[in-house]
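The values are calculated or read from the model by the stated rules, or taken from the named source; none is laboratory data. Quick caveat, the model's predicted, so the values are computed rather than measured. Cβ coordinates were reconstructed from backbone atoms using ideal geometry, including for glycine residues, and neighbour counts include every protein chain displayed.
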Amino acid sequence: MNNPPHFKGFSPIGLTEENLPVIINFEEYEAIRLSDFELHGHVEAAQIMGISRPTYTRIYESARRKVAEAFVLGKTIVFEGGKVYFDSEWYSCNNCGCWFNHPEKEQEIKNCTLCGSTDIEQYKETSQQITTENIYICPTCGYEKMHLTGSPCQKEICPTCNCLMILKGTPLDHKMKNKNCN
């Protein structure tokens, strides 16, 4: 996400009673910004966000419903959280293993934010970067498969044992079993 909101939300004028706020995640904010402010179509906006078009459409629909709820019921809108990465420099500490970002590009980073060590390195992005978020694993036999962007996530079947696969790194992934397994 390159353009996070520069404010925390909106509040209705003239209401004395506070309702529970409507929480809009940063990715929902970004979807509204791309389609309703910058006038990108869903395919183009999904490409900008680096997600599939169906995923973009779900995020966009959720955001619009939340905005409608806030308008109709006079609720406050609060922006927070979600699955988003800000465009800033990242560093790793060779002493404690901590990863941290540095959004203040004007200031030089000299120490690890966790342990204070000066043995830090700036992260350099490579074109072949793979994270565990992109890898499926079979909880029965351990077979791993790369997830392809744009393909359905919920129906990956292990070609070895016919078991329903899960994202690598899912809590307790080595203990999980399911009904599809032989």
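Inspect region 24-37 for any residue being more than 15 Å from the chain's Cα centre (by Cα), more than 15 Å from G9 (Cβ to Cβ), surrounded by 15 or more Cβ atoms within 10 Å (Cβ to Cβ) and at pLDDT 90 or above and give the result as yes or no. Within region 24-37, one or more residues are more than 15 Å from the chain's Cα centre (by Cα), more than 15 Å from G9 (Cβ to Cβ), surrounded by 15 or more Cβ atoms within 10 Å (Cβ to Cβ) and at pLDDT 90 or above. Take the conditions (1) surrounded by 13 or more Cβ atoms within 10 Å (Cβ to Cβ); (2) part of a loop (DSSP other than H, G, I, E, B); (3) at pLDDT 90 or above; P12 misses just one of them, which is (3).
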